[in-house]
Amino acid sequence: MADKEKFSSDLHYKQLFTHKLLVQELLFLIFEEKLHTFGFDFDTLKLEKNEFVFEFEGVLIERKSDCIWSIKLNKNKVFIFFHLEFQSSVDKTIAQRTKIYRELAEINFIKSKSFSKVKGKVPPIISIVLYNGNQNYTAPKSKNGVVYFDETIKQIFDTLNLEYPISEDNKNTYFLIDETKWKNKNNNTIIRNFCEAIFLLEQCKNLKDFGKIIRQIYRIKQRSQLQLESNKNDDELRSFLQDFDLWMSSLLQHLCNKNNVPNNITIQILETIKDEDMFVENFTKGFQQELKEAKNKGIIEGKKEGIIEGKIEGIIEGERKSFFNGIFALLNNKFSDFTDNIKQKILALNPKSFDLTPYVNTIFCAKNAEDAYNKIAKLAAS
């Protein structure tokens with residue numbers, strides 16, 4: 001189950017980086033004070049096509065990278081591309097893979113008539129690998145760690161005026177952000193933006209870790225909410241905040257289930273995620289105490305005891321109530337058109353399982369509350 005929850009969290013994580021705001025923040029964390037020196041024009045930041053089709057020996061082959069963004073430089077009036085690749089496991093071939101994606105993108109740009117070229121040439125592409133796995137990152141950062149060097153073979157390449165497959169200056173093929181080791185200049189005492197918050201939240205092993213930085217997360221959210229109030233037509237910011245809340249809900253659910261938090265307490269956490277004072281107060285004080293009491297009373301392992309006492313019906317009803325409360329919390333967080341009518345229709349469903357995990361991604365993929373209901377109903381009947 002934990003793997004499914006982590007997969008759901010990863011899907012939401014990738015979705016966050018399709019938002020212009022987060023990519024702008026990512027570039028700030030990478031370049032910091034040099035950001036303005038290079039003259040990035042963030043008004044031109046654009047999500048590009050990331051699917052490539054090419055022909056090999058008469059066969060059409062399709063490849064898809066995770067995310068590609070373009071941005072214009074003010075001074076030179078040229079574009080640069082950033083290719084984002086997300087890794088939750090160590091892939092020894094990542095240096096080759098990122099190179100293939102860049103070359104496929106270049107082919108696509110060469111063939112494209114709509115994209116403006118400079119003197120007939122295509123823009124350069126920088127690959128950024130964001131790693132959030134559990135193992136130490138040991139994948140080679142260039143082909144130097146894969147292809148061996150031999151002086152005689154090097155002479156053969158030189159004779160043919162060809163570039164040797166490895167770099168002589170030992171530069172990397174891609175830029176790595178290892179989130180598991182992320183530390184900011186303030187030693188995490190001041191979280192600068194959403195992107196940095198995501199990197200630090202991804203490191204949380206339990207609710208205690210999460211609680212240490214939650215106040216700062218709400219400070220960042222509060223600034224964005226004030227910005228949204230002053231500009232109610234900022235649909236991009238509104239959409240990002242919805243996706244951020246959904247990702248945080250998914251991450252919290254994963255942490256709760258990973259650490260054997262009772263289902264009713266998990267639901268309370270998800271339900272109060274939008275109310276800072278209630279969430280932080282309950283999270284840092286009440287929930288930890290409730291968890292302790294729950295363990296003492298045997299709530300976590302108490303199903304067996306309940307069955308022995310003949311309380312099977314009560315257990316099932318409790319699971320059903322917690323399941324629907326979780327569904328409603330997720331719908332309320334994501335959709336403004338979630339109504340009592342839809343709530344009643346969902347309550348009329350008879351799901352075969354009260355596992356919330358598959359429903360999280362179903363709600364995430366829905367276009368609106370009515371669409372979410374249709375998807376939930378289909379899943380409940382399967």
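How long is the gain from T339 to F31 if the chain were fully straight, where each residue apart is worth 0.36 nm and the alpha carbon distance is subtracted?
106.4 nm
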Problem - Cβ crowding within 10 Å averaged over residues, with 252-264, 128-140 ranked highest first - result: 252-264, 128-140
Fill in the blank from the handout: Inter-part gap, Cα centre of the stretch 200-236 to Cα centre of the stretch 258-279, in whole angstrom, is 16 Å
Practice task
Return the distance in nm (one decimal) between the two label points of a simple spin-label model at E103 and N233, each offset 7 Å from Cα along Cα→Cβ.
Solution key: 4.7 nm
Exercise for the section: Describe numerically, in nm with one decimal, the distance between label points set 7 Å from Cα along Cα→Cβ at D66 and at S112. Expected result: 2.1 nm
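Which FRET efficiency value, to the nearest 0.05, do you get for T44 and I126 by plugging their Cβ-Cβ distance into 1/(1 + (r/R0)^6) with R0 = 22 Å? Could you put the intermediate results ahead of the total?
Details: r = 16 Å, r/R0 = 0.73.
Working from the Cβ atoms, E equals 0.85.
Just order 195-201, 21-27, 176-182 by mean Cβ neighbour count inside 10 Å, highest at the front, would you? The partial results should precede the final answer.
Working: 195-201: 22.1, 21-27: 20.3, 176-182: 15.3.
Final packing ranking: 195-201, 21-27, 176-182.
With r defined as the distance between the Cβ atoms of K258 and K92 and R0 fixed at 25 Å, what FRET efficiency is calculated, to the nearest 0.05?
Working: r = 27 Å, r/R0 = 1.09.
It comes out at approximately 0.35.
Using a ≥ b ≥ c from the Cα gyration tensor of the stretch 196-282 (square roots of the eigenvalues), is it rounded, prolate or oblate, where a/c under 1.5 gives rounded and otherwise the larger of a/b and b/c decides, a/b for prolate? Show your work: numbers first, answer last.
Values: a/c = 2.01, a/b = 1.86, b/c = 1.08.
Judged from the Cα gyration tensor, the stretch 196-282 comes out prolate (a/c at least 1.5, a/b above b/c).
When a/c reaches 1.5 or more, the comparison of a/b and b/c decides; with that in mind, is the stretch 335-374 rounded, prolate or oblate per its Cα gyration tensor? Walk me through the intermediate numbers first.
Values: a/c = 2.44, a/b = 1.17, b/c = 2.08.
Since a/c reaches 1.5 but b/c is at least a/b, the shape of the stretch 335-374 is classed as oblate.
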Completion exercise
Zone reached by a paramagnetic label modelled 7 Å from T180 Cα along Cα→Cβ, restricted to the stretch 8-27 with backbone N below 17 Å, covers 10
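Going by average Cβ neighbours within 10 Å, how do the peptides 157-163, 35-41, 91-97 rank, with the highest at the top?
Descending packing order for the listed peptides: 91-97, 35-41, 157-163.
Where a number appears in this text, it was derived from the coordinates with a stated rule and is not lab data. Quick caveat, the model's predicted, so the values are computed rather than measured. All Cβ positions, even for glycine, are placed from backbone atoms using ideal geometry, and neighbour counts span all protein chains on display.
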